[in-house]
Amino acid sequence: MPDEPVWLEPLQRVGLALAIGFLVGVERGWKQRDDSEGQRVAGIRTFALIGLLGGVSGLLLPAMGAAPVAALALAFGAAFAAFQFRQAVKDSDNSVTSTVAGLLVFALGLYAVVGETVVAAAVAVAGTIVLAFKEGLHTWVRSITWKEMRSALLILAATCIALPLIPEGAVDPLGAIEPRSLWWLTILIASASFVGYVALRALGPRAGLMIGALAGALVSSTVVTIDLGRRVRSSEIDPSSGAAAAALAAAVSLIRCGLVASLFSSAVAAHLLPVLTVSAAVCLGCAWILARPAARSVATAPYPAIKSPLDLWSVAKFAVLLVLLTIGANLVSNGLGSYGLGVFAATAGLVDVDAVSLAVGKLATTGLATETAVGAILIGIVANQMFKLAAVAVGGALGFSLRFGVVVTLAGIAGTIVHALTPIIFSSLSLLS
């Protein structure tokens, strides 16, 4: 394959710089589309030329050095800011958005030549999205309450400030207490509660509840179920809606566990996926049945107000419970080793069934019998479902826990039947072959 011409890459990079300016210019020009010819300020052509100027500045950098290019950038910035200021005074406009956008396009045009093109393009697209969604962002900001702002800031502080200060790894001789992992659990619980609140508030009592449960279950169905029980108890959602969302989260959890375990062993996948698929299907069917009366009640009666985006006391109590269970599971697994695989699956599955699927799936690749691996994973899943059911029952949401208990029972019966029939089916298939 012949070598590419030396001028091709610089030309491509300058072309990207021009495209970045054109992209932002289209958005700026669209905002001014109703202005008459000659009244439009800094539209497509202006921003395209700004991007091109930034790209040419990047080409000049190796030959001229940093000082002349920096002087050119300062000169452009001063001239563009002065022009925008004069126009703002003329139009009585206090916004500096176009000024910042012009400086950003120049900087991205320069970076497109001297840096990573993918990063330059991604930042340009992100900046254009922010510019385009002006009305939506302003409406969103006006609708934020102090409680919502406080909750979001607390979660960000716990993640960005407190988490880096917490030591990594175990701090006890048995290796059971890992402060950073335990703090992550607390952040996860708080985030699930906040996401559920946002979904309910933004999408309504039915769609928001289901979508929030789906999103949260991708991370932890246990956390989602506990939060649903709290919301039922505080009358933010009715028991049928809560149980429907919990059943949906359980279905996601079952499918996720099956996929995680199947990554390591096709034999485990062949025995496990039919069981979990049928159980998940039962959960989905129950969710649909439970959601129907909830939908009718929403249509005929006003929905209770959502009280809090983040119940710190509930989060703290559940975080302490998960911490204790995590430490207990680690102690059991460390004390019993491979001889206590079932006990490990039952204890670890209380808080993190994915960890059981991952650990047992790996063991299946090193000689662990398929039947033993499948049995351990199922034990972890059953323990997890029982823990969720017990937690919501103890929390006081009786109607919710009874409905969710029926879902768990039906899914368990269906899974047990399929698990019992799987060896017979495999034997029949081997005889036929």
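Here residue 382 clears all of (1) without any contact (Cβ under 8 Å) to a residue 40 or more places away in the chain; (2) touching a helix residue (DSSP H, G or I) at 6+ places or on another chain (Cβ under 6 Å); (3) farther than 17 Å from residue 287 by Cα except the condition numbered (2).
Restricting 10, 5 to those that are within 26 Å of residue 114 (Cβ to Cβ), surrounded by fewer than 12 Cβ atoms within 10 Å (Cβ to Cβ) and at pLDDT below 90 reduces the list to 5. Here residue 123 meets each of (1) under 23 Å from residue 27 (Cβ atoms); (2) modelled with pLDDT under 75 with one exception, condition (2). Exactly one residue out of 253, 279, 240 is modelled with pLDDT of 80 or more, surrounded by fewer than 24 Cβ atoms within 10 Å (Cβ to Cβ), among the hydroxyl-bearing types (Ser, Thr, Tyr) and assigned to a helix (DSSP H, G or I): that is 240.
Would you mention how many residues in segment 161-183 are at pLDDT 75 or above and either of a type outside the set (D, E, K, R) or part of a helix (DSSP H, G or I) (or both)? Write out each step before concluding.
Here is the first cut: in segment 161-183, the ones at pLDDT 75 or above are 161-168, 179-180, 183.
Next, from what is left, pick out any that are either of a type outside the set (D, E, K, R) or part of a helix (DSSP H, G or I) (or both): 161-167, 179-180, 183.
So the count comes out to 10.
Of all the numbered requirements in (1) outside any helix (DSSP H, G or I); (2) modelled with pLDDT of 85 or more, residue 94 misses one, and that requirement is (2).
Being out of contact with any Ser or Thr (no Cβ under 9 Å at 6 or more places or on another chain) and at pLDDT 70 or above is the filter; apply it to segment 199-217 and report the residue that is surrounded by the fewest Cβ atoms within 10 Å (Cβ to Cβ). Here the residue is 207.
The values are calculated or read from the model by the stated rules, or taken from the named source; none is laboratory data. If you're wondering where the values come from, they're calculated on a predicted model, not measured in any experiment. Positions of Cβ are backbone-derived with ideal geometry, glycine not excepted, and every protein chain shown enters the neighbour counts.
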